[in-house]
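**Student:** First the structure, then my questions, so here it is.
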Amino acid sequence: RKRGLILAAILFLISALGSAMPEQLNFMGLSTISSFIFYRILGGIGVGLASMLSPMYIAEIAPANIRGKLVSWNQFAIIFGMLVVYFVNYSIASKGDDAWLHQIGWRWMFVSESIPAVLFLALLMFVPETPRYLVLKDNRDRAMQILKRINGESEAAGILQRIAESIHLSSGSGKLFSFGSLVIIIGVLLAMFQQFVGINVVLYYAPEIFRNMGSGTDAALLQTIVVGIIYLSFTVLAIFTVDRWGRKPFQIAGALGMAFFMIVLGFTFFLEQVNLVSLVCMLGYVACFALSWGPVTWVLLSEIFPNRIRGRAMALAVASMWVSNLIISLTFPVLN
């Protein structure tokens with residue numbers, strides 16, 4: 001897990017610098033746009049690694065009594081990072097006019113990625129490998145040392161024994177469909193619909209959507225910050241209430257809320273009455289997603305798969321999620 005995360009951090013750093021300077025760092029003799037796309041793909045590979053390994057690392061390193069909450073906070077960390085980026089982009093955009101932004105400013109936006117990438121890489125040097133991975137590689141002594149640090153001397157031996165037993169059981173029947181296909185289909189569909197509801201269209205293209213509503217560039221970026229704040233606030237609310245109210249009620253209520261706000265928003269565009277109601281609908285939609293399909297889908301995916309197939313099933317679900325993300329990201333500009 002640790003080496004995979006280190007690789008992701010390195011890819012983030014290379015992508016940040018290459019995307020900002022595709023002409024200067026064009027070592028392959030490609031066209032400028034091809035060089036830019038190459039570095040964006042490297043960053044995408046880093047995202048794929050981190051999005052799979054980060055929650056897995058947390059789940060494997062965290063004590064059982066706080067594991068669920070820490071995995072949920074992973075979603076909070078993602079949204080908080082996005083919110084920070086909105087402020088960074090708004091700050092950079094305010095340094096010049098639109099011409100400067102199109103010529104120079106966007107490069108600074110990409111370069112700014114290198115700061116968290118370097119911090120991520122540096123801090124990873126101080127975290128241990130997960131005990132489960134070490135037991136998998138027959139390094140029980142090191143796993144015991146880490147378990148003692150995290151869980152204390154009295155519990156470490158028992159936890160190590162349970163990990164060893166679970167890995168022994170996993171090796172017996174680890175085929176993806178050994179528990180039937182239904183649980184896999186449900187997991188994949190949950191992951192796909194988390195994207196097909198359209199949240200990343202709103203997050204990726206929010207400034208463009210707000211400009212279509214009649215906002216200038218600065219106002220559009222400022223409204224994007226408001227979207228991020230709403231997203232963050234309702235994600236925190238979900239984290240503290242999902243164990244009390246359950247997973248399924250959140251998903252149903254969130255889906256109905258998102259549908260309502262998007263239907264009303266669509267009519268404001270259709271009737272050419274784009275105004276404050278449109279903005280409220282956009283924020284209401286984001287709030288419904290942040291309270292339900294955002295964090296709760298990850299909780300469900302971490303809970304519904306049996307231990308023996310969890311790694312591969314999660315990988316398949318996350319891959320389906322990113323394919324769905326790609327589909328909506330490609331189709332929205334055409335529709336727009």
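**Student:** Does THR297 satisfy being without any contact (Cβ under 8 Å) to a residue 60 or more places away in the chain and hydroxyl-bearing (Ser, Thr, Tyr)?
**Tutor:** For THR297, the condition - without any contact (Cβ under 8 Å) to a residue 60 or more places away in the chain and hydroxyl-bearing (Ser, Thr, Tyr) - is not met.
**Student:** Something else now. Can you tell me how many residues in region 4-36 are open to solvent by 30 Å² or more (accessible area, probe 1.4 Å) and either touching a residue at least 40 places away in the same chain (Cβ under 8 Å) or farther than 25 Å from VAL318 by Cβ (or both)?
**Tutor:** Taking region 4-36 as the starting set, the residues that turn out to be open to solvent by 30 Å² or more (accessible area, probe 1.4 Å) are 6-7, 10, 12-14, 17, 21, 23-34, 36.
Remaining after also requiring either touching a residue at least 40 places away in the same chain (Cβ under 8 Å) or farther than 25 Å from VAL318 by Cβ (or both): 6-7, 10, 12-13, 17, 21, 23-34, 36.
Adding up the residues that qualify gives 20.
**Student:** All but one of (1) open to solvent by 30 Å² or more (accessible area, probe 1.4 Å); (2) closer than 19 Å to LEU13 by Cβ hold for ILE66; which doesn't?
**Tutor:** Condition not satisfied by ILE66: (2).
**Student:** Also: Out of the residues in region 60-81 meeting the condition of being charged (D, E, K, R) and within 22 Å of GLY246 (Cβ to Cβ), tell me which one is farthest from the chain's Cα centre (by Cα). Can you show your working first?
**Tutor:** So in region 60-81, the residues charged (D, E, K, R) come out as 60, 67, 69.
Narrowing further to those that are within 22 Å of GLY246 (Cβ to Cβ): 67, 69.
Values: ARG67: 18, LYS69: 16 Å.
Checking each candidate, the answer is ARG67.
**Student:** Quickly run through region 254-274 and pick out the residues that are of a type outside the set (Phe, Trp, Tyr), open to solvent by 40 Å² or more (accessible area, probe 1.4 Å), more than 22 Å from SER292 (Cβ to Cβ) and free of Cβ contacts under 8 Å to residues at least 60 places away in the same chain.
**Tutor:** Hits for region 254-274 are LEU271, GLU272, GLN273.
**Student:** Here's another thing I want to ask about it. Filter region 314-336 for residues that are of a type in the set (S, T, N, Q) and surrounded by fewer than 17 Cβ atoms within 10 Å (Cβ to Cβ); which is farthest from MET56 (Cα to Cα)?
**Tutor:** Checked region 314-336; the qualifying residue farthest from MET56 (Cα to Cα) is ASN336.
**Student:** Based on this model, can you work out whether ALA117 counts as open to solvent by less than 70 Å² (accessible area, probe 1.4 Å), assigned to a helix (DSSP H, G or I), over 28 Å from LEU222 (Cα atoms) and modelled with pLDDT of 85 or more?
**Tutor:** no
**Student:** Here's another thing I want to ask about it. Are any residues in region 291-300 assigned to a helix (DSSP H, G or I), open to solvent by 20 Å² or more (accessible area, probe 1.4 Å) and not aliphatic (A, V, I, L, M), and if so, which ones? If you could, list the steps in order and put the result at the bottom.
**Tutor:** Let us first name the residues in region 291-300 that are assigned to a helix (DSSP H, G or I), namely 291, 295-300.
Then drop every residue that is not open to solvent by 20 Å² or more (accessible area, probe 1.4 Å), which leaves 291, 298, 300.
Residue satisfying the conditions is TRP298 alone.
**Student:** Out of all the residues in region 93-114, which are under 24 Å from the mean Cα position of the chain (by Cα) and open to solvent by less than 30 Å² (accessible area, probe 1.4 Å)?
**Tutor:** Correct list: SER114 only.
**Student:** Considering only region 238-253, state which residues are touching a residue at least 12 places away in the same chain (Cβ under 8 Å) and in a loop (DSSP other than H, G, I, E, B).
**Tutor:** Correct list: empty.
**Student:** In the list CYS281, CYS288, which residue meets the criterion of being assigned to a helix (DSSP H, G or I), free of Cβ contacts under 8 Å to residues at least 60 places away in the same chain and under 18 Å from the mean Cα position of the chain (by Cα)?
**Tutor:** When all the criteria are applied, what remains is CYS288.
**Student:** Also, quick follow-up: Could you please let me know if PRO128 is open to solvent by 70 Å² or more (accessible area, probe 1.4 Å) and either more than 25 Å from LEU301 (Cβ to Cβ) or touching a residue at least 60 places away in the same chain (Cβ under 8 Å) (or both)?
**Tutor:** no
**Student:** Can you tell me how many residues in region 37-52 are buried (at least 20 other Cβ atoms within 10 Å of the Cβ) and out of contact with any Phe, Trp or Tyr (no Cβ under 9 Å at 6 or more places or on another chain)?
**Tutor:** The total comes to 1.
**Student:** If you check GLU272, GLU303, which single one turns out to be outside any helix (DSSP H, G or I) and among the acidic types (Asp, Glu)?
**Tutor:** Checking each option against the conditions leaves just GLU272.
**Student:** Now for a separate question. Considering (1) open to solvent by 80 Å² or more (accessible area, probe 1.4 Å); (2) hydrophobic (A, V, I, L, M, F, W, C); (3) more than 22 Å from the chain's Cα centre (by Cα), say which one PHE240 fails and leave the rest.
**Tutor:** (3)
**Student:** Hey, MET82 hits all of (1) assigned to a helix (DSSP H, G or I); (2) free of Cβ contacts under 8 Å to residues at least 40 places away in the same chain but one; which does it fall short on?
**Tutor:** Condition not satisfied by MET82: (2).
**Student:** Being within 25 Å of THR235 (Cα to Cα), open to solvent by less than 70 Å² (accessible area, probe 1.4 Å) and among the small types (Gly, Ala, Ser), is that true of even one residue in region 75-89?
**Tutor:** Among the residues of region 75-89, at least one is within 25 Å of THR235 (Cα to Cα), open to solvent by less than 70 Å² (accessible area, probe 1.4 Å) and among the small types (Gly, Ala, Ser), which makes the answer yes.
The values are calculated or read from the model by the stated rules, or taken from the named source; none is laboratory data. All figures in this text were calculated on a predicted structure; none of them were measured in a lab. No Cβ is skipped: glycine too gets one built from the backbone with ideal geometry, and neighbour counts run over all protein chains shown. Remember, those area values only see protein heavy atoms, side chains included, never the ligands or the DNA or RNA. Shrake-Rupley method; radii C 1.70, N 1.55, O 1.52, S 1.80 Å.
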